[in-house]
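For reference, the structure discussed in these notes is given below.
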Amino acid sequence: MTINPNSTPPNDFVQQTIERFWQTIPPIWNQVKGNVRKVALEQFDISVEQFHVLRHIHNGVCSVSEIAEVKQISRPAVSQAVDILVERGLIQRRQDTNDRRIVQLELTENGAQVLKSIQQTNRRWMMERLSGLDDAELQQISKALETLHSTFFESLLAERQA
């Protein structure tokens, strides 16, 4: 969405919602990232960036270029994380049989296990924090997150197609 500086400002409720977003989402994300960092580093000696590379490969994003695009970081930064993960035996490179220029990344069995363990530990941590909420509160949060996801995801897709 492009904001026209000459247009009338958004209504107060939109402004309040934006302010609440900034007061809520980044601090929560920082806590989640901090927990992932702690688990990944202490238990498996991998960085958060390396964890995200494992997660993206698991989710079907299987090249350095694709991961860089999805994470919106440089290819060299992704390549560095990939090199370390290959050395550690957590992922492997596989050349495309039809086009040797294409290198696909895939998790090794050990990489899949490390990813699963970090995710399970983090989910337990998150469950502890959310366990005090009742079903109605959880449904409200879930609906709000779905709305945010579709709003921002659809906007991102539209920008990429433009």
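The numbers here are math on the coordinates, done by the rules we state, and not lab data. Since this is a predicted model, take the numbers as computed values, not measurements. Cβ atoms come from the backbone with ideal geometry, glycine included; neighbour counts cover every protein chain shown.
The table that follows gives values for the structure above.
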| quantity | calculated |
| --- | --- |
| Cα convex hull of region 40-116, projected area averaged across orientations, nm² | 4.9 nm² |
| Dipole axis of the chain (+1 Lys, Arg; -1 Asp, Glu on Cβ), positive-most option in Gly132, Thr17, Asn122 | Asn122 |
| Relative contact order (percent, whole number), region 52-113, Cα cutoff 8 Å, 6+ residue spacing | 34 percent |
| Loop-located chymotrypsin sites (Phe, Trp or Tyr not before Pro) in region 27-102, at most 15 other Cβ atoms within 10 Å (DSSP) | none |
| Charge-dipole axis of the chain as Lys and Arg at +1 and Asp and Glu at -1 on Cβ define it, positive-most pick from Asn30, Ile57, Gly89 | Gly89 |
| Charge sum, other residues only, whose C-beta stays under 10 Å from Phe51's C-beta, Lys/Arg counted +1 and Asp/Glu -1 | +2 |
| The chain: radius of gyration and largest Cα-Cα distance (Dmax), Å | 19.4, 57 |
